[in-house]
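For reference, the structure discussed in these notes is given below.
The values are calculated or read from the model by the stated rules, or taken from the named source; none is laboratory data. This one's a predicted model, so the numbers in the text were calculated from it and none came from an experiment. Here the Cβ is made from the backbone with ideal geometry for all residues, glycine too, and neighbour counts use every protein chain on show. Side chains are part of the model used for accessible areas, which takes the heavy atoms of the whole protein and leaves out ligands, DNA and RNA. Shrake-Rupley method; radii C 1.70, N 1.55, O 1.52, S 1.80 Å.
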Amino acid sequence: MASVSMTVNGKPVTGTIDPRTLLVQFLRENLRLTGTHVGCDTSQCGACVVHIDGKAAKACTVLAVSLEGASITTIEGLASEGGLHPMQEAFREHHGLQCGFCTPGMIMSAVDIVNRRGHQLDEKTIREDLDGNICRCTGYHNIVKAVAAGAEAMGGQGMERKEPPRQAAE
């Protein structure tokens, strides 16, 4: 067994886990944060996207023990106490979901796109940057509209909770 400590959604967490435990398993099984989904077991679908130290990553591809000291944001940590994050609100307003299974990963990827590319996104950019996220229900039209609206609502300011960068182990 191995010990791991990290910050998840702004709160320090620790756990004793099998060293082979994936981040998605740690989030869902140990912390009961079930918004991060497992959709394919092959890192193809993007349903498990979270932010690690402010950057989007597929939680099914990362061992939890490799994230000692990291800052993780899941879909549950995106909203503030005052309401939904602008991207979450845009998905709701523009019907950017159908069954909802892919939605958390889509939203986390969309926030990352805005943080990297700014708030003025065209359809081509959105579609290309969502390439690693699969939706089996919607056909993407409303997802693209939702991402564009959410990006504009974010106003070019990464609305994710900002954490200090992780220090490299010496």
field: Selection count, region 39-57, where residues are open to solvent by less than 60 Å² (accessible area, probe 1.4 Å) and within 23 Å of Ser80 (Cα to Cα)
entry: 10
- prompt: Which residues, taken from region 6-27, are charged (D, E, K, R) and open to solvent by less than 70 Å² (accessible area, probe 1.4 Å)?
  reply: Asp18
- request: Kindly list, by first and then second residue, each pair from a residue in region 132-146 that is in contact (Cβ under 8 Å) with a residue 12 or more places away in the chain and open to solvent by less than 50 Å² (accessible area, probe 1.4 Å) to a residue that is part of a helix (DSSP H, G or I) and of a type in the set (D, E, K, R), limited to pairs with Cβ atoms under 6 Å and residues at least 6 apart or on different chains.
  value: Val144/Glu123
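This table checks each residue for (1) within 30 Å of Gly69 (Cβ to Cβ); (2) touching a strand residue (DSSP E or B) at 6+ places or on another chain (Cβ under 7 Å); (3) modelled with pLDDT under 95.
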site	(1), (2), (3)
Glu81	yes, no, yes
Met87	yes, no, no
Asp112	yes, yes, no
Gln120	no, no, yes
Gly132	yes, no, yes
Gly139	no, no, yes
Ala146	no, no, no
Glu160	yes, yes, yes
Ala168	yes, no, yes
query: Does Ile113 satisfy the criteria of being among the β-branched types (Val, Ile, Thr), buried (at least 20 other Cβ atoms within 10 Å of the Cβ) and in contact with an Asp or Glu (Cβ under 6 Å, 6 or more places away or on another chain)?
result: yes
- line: Among residues of region 70-106 being touching a residue at least 60 places away in the same chain (Cβ under 8 Å) and farther than 20 Å from Ile52 by Cβ, the residue least open to solvent (accessible area, probe 1.4 Å) is Ala90
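Listed here are the residues, each with its yes/no results for (1) in contact (Cβ under 8 Å) with a residue 12 or more places away in the chain; (2) touching a Lys or Arg at 6+ places or on another chain (Cβ under 9 Å); (3) open to solvent by 30 Å² or more (accessible area, probe 1.4 Å).
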{"position": "Val4", "(1), (2), (3)": "yes, no, no"}
{"position": "Glu29", "(1), (2), (3)": "no, no, yes"}
{"position": "Thr34", "(1), (2), (3)": "no, yes, yes"}
{"position": "His37", "(1), (2), (3)": "yes, yes, yes"}
